[in-house]
Every structure is written in C-alpha cells, then in structure tokens.
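So the structure is just underneath, and the comments pick up after that.
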Amino acid sequence: MNVTRAPRLPARVLVLTLALLGALSGCGKSGSPPVKGPQPEDLPVYRVATGFELPASKTWEKAKRRGRLVVGAKEDQPYMGEKDPASGRYSGFDIEIAKMMSASLGLDPKTIEFKTISSANRETALQNGQIDYYVGTYTINDNRKKQVGFAGPYYMAGQSLLVRRSEKDIRGPQDLSGKKVCSAAGSTPYQRLQKDFPKAVLVAYDTYSVCVDNLLTYQVDAVSTDDSILLGYAAKVPEELKVVGRPFSQEPYGVGVPRGDNALRFALDDALAANEKDGNWTKAYDATLGLSGVPAPKPPAIDRYPAS
C-alpha cells in the first residue's frame, strides 16, 4: 500500500489558496449570489433547563462548579464546525448540537468554551478531562466505544469524494487507483481508504482544510471524508469544487463523552430526543448544513446501548 504523509505547504501557497477561497466564497461568478454562512438570527434559541441536576456524572458536576461546559469541536468544516478567525466565534450544525446539549443540561449555551481538537486527539482529550464532551463529525464505532462513550447518533453521514470542478476521471471510489487522495490522519475515512482502496496513494493531514488547500493547488487529486463536510467545502467554492459519486459508507455521528460516564451519556440521549421532537434539530440543520442545498434528513434512531 502506498501511504504518503504530505509535507506542509509553503506559507505563500497557503496564503494564496486561502485568498482564493475568500474571493470565491465572497463573490462567485458574475450574477451568482454569494455563499452565506450560518446567520445568527436564523438559529434556534435553546431554553436553558431550570433545576437540572445530574449528581451521578462527575463530568457534569465539574462543569456545574466551573459555570460552563468545555466542548471539543472542529474549526475548519464549513456549515458543520467552523471558527471565524476574526471573532473567534464557532458556527455550524455540530456547534448547534453542542448548544442544545448545554441548554438541556442546565448550562447556558452562551457560556460554552469551545476547544478545537483534531480527529487524532479526540479520545485523548476526553480521557484526560480536557473537554467535557466532543461534537465534531465524530463517527460512532465499536473500537472507539472501548475508549470513550457516545450519545446519539444525531446525524447519519456517508463517506464521499471531493474533486476539482474540471476533474473528469474520478467519478467514484472505483477510480482512485494511482490517485493522490487526502484525508485526516486518524479519521475513520482515512482508515477505510487504507483498507478498501489500497491502490490509492494516501496523503494525511491533521485537518481537512489543508487537504482542500492541496486540492485547489493540484497537490492531490481528491479529498475524501464524510459527505456532510465535503458539501460544505463545495458550497464555499462551487466554481472550483464538486462532490462526486454516491456515499460509500454509513457514518453515524455521536456526541463523545468520557467512557464510564453513563449518566451524562443517557442525559445527552434524552436531550437529543427532546430537541428532535420539538423541531430544534431541523431548525438548526436548515440554518447551517442546509445552506449546502441538501434538505434536512430524518434524524437517525438514538442508540441507547447498555452502560459499560
């Protein structure tokens, strides 16, 4: 198997690429509307639960004393988890899920302290108590359940491919032989490519934004991860990028919690069910990931697996 861990792009290349992204997302082609990010006025307002107590959860007790939750997230995934470099504000569907959970746990979402945690460091951050829970396109699987707990799932994604708009040869995963394909180190999509598509030349980075930089500058031929993430990037620069083929996996996204804190996990399951029922889930989707043009799907069934 050919696996390449790519070197960092020179700073000047990254700057030029980011400038291109900004220009395309802000202007687009003549006559086309600008691509907009989540607008605060369109987001749901989450009612903070009063009198909520969860003494069986050490994580919740610590957060209550602290006065806020510390939540791990992504910062480079448009419409899912994205950080504004100017204001430091996080936005996206995952961020809204984190806010829903905070309100249901009796802590004002406005007080959340978000921390950017890469895919490779999620389990460690939960195990070491760096964060209280993690919401960042975090696929639930049996191997991860040995290290952390999961509430949810709250969304069902599928692995897909992002290519340049001019690309003609890659129409699906069957066309990846000999192609340079970029994904995040330690992620489920990267591991699936290693196993199922050994003739692809894999390139690993800590973040998908650098993968997209490399795609735009012709350093790689495709970026592969969950379609929810790729749709966000394609919506940012539709003149340059497109998502091709059908999803070739099922990726149930869950809220990661410290393993063994079943009280917190079950409370978050309850919170997800309540927010799906009262319409907050759909409103949050429409105001964030729905801007990619894909309508809100039906939320997946919550898996309340036994306490461990």
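List of remarks:
- Take the Cα radius of gyration of segment 194-277 and divide it by 2.2 N^0.38 Å, N being the number of residues; the result is 1.46.
- Among Lys180, Lys62, Lys74, the largest mean-square fluctuation in a Gaussian network model of the chain, built with springs joining Cα atoms closer than 10 Å, belongs to Lys62.
- For the chain, convex hull volume per residue from C-alpha positions, Å³: 133 Å³
- Over the chain: helical MRE at 222 nm, DSSP H runs n ≥ 4 each giving -39500 (n - 2.57), nearest 500: -9500 deg cm²/dmol
- With the simple model of a label 7 Å out from the Cα in the direction of the Cβ, Gln250 to Lys298 spans 1.3 nm.
- Those residues of segment 222-259 whose amide nitrogen sits under 19 Å from the label point placed on Asn128, 7 Å along Cα→Cβ: 256-259
- Links that overshoot a 19 Å alpha carbon limit, given the list Lys83/Lys236; Lys83/Lys146; Lys99/Lys242; Lys74/Lys277; Lys64/Lys99: Lys83/Lys146; Lys99/Lys242; Lys74/Lys277
- Annotation: amide H-H contacts under 5 Å for Arg89 (H modelled 1.01 Å from N, sequence separation of 5 or more, or interchain): Asp84.
- Membrane-span-like helices in the chain, defined purely by DSSP H runs whose alpha carbon atoms cover 15 Å or more axially and whose average Kyte-Doolittle hydropathy reaches 1.0, are 11-26.
- Around Thr111: net Lys/Arg minus Asp/Glu count, Cβ-Cβ under 10 Å: +1
- Residue with peak Gaussian network fluctuation, the chain [Cα springs, cutoff 10 Å], from Ser91, Ser118, Ser249: Ser249
- Segment 52-112 and segment 262-306 have Cα centres lying 15 Å from one another.
- Protein-only accessible surface at a 1.4 angstrom probe places the residues Arg68, Arg122 in the order Arg68, Arg122, largest first.
- For segment 72-227, average projected area of the Cα convex hull in nm²: 9.9 nm²
- If you take all other residues with their beta carbon under 12 Å from the beta carbon of Gln174, and give Lys and Arg +1 and Asp and Glu -1, the sum is +1.
- Mean-square fluctuations from a GNM of the chain, with a 10 angstrom spring cutoff on Cα atoms, peak among Asn128, Asn141, Asn280 at Asn128.
- Net charge contributed by nearby residues that have their C-beta within less than 12 Å of Phe266 (K/R +1, D/E -1): -2
- Computed extension length for Asp84-Phe52: 8.3 nm, one decimal, from 0.36 nm per residue of separation with the Cα-Cα distance subtracted.
The values are calculated or read from the model by the stated rules, or taken from the named source; none is laboratory data. Treat the numbers as computed from the prediction; the structure is a model and nothing was measured. FYI the Cβ positions are ideal-geometry reconstructions off the backbone, even for glycines, and counts take in every protein chain you see. The area values use the complete protein model at the heavy-atom level, side chains included, leaving out ligands, DNA and RNA. Shrake-Rupley method; radii C 1.70, N 1.55, O 1.52, S 1.80 Å.
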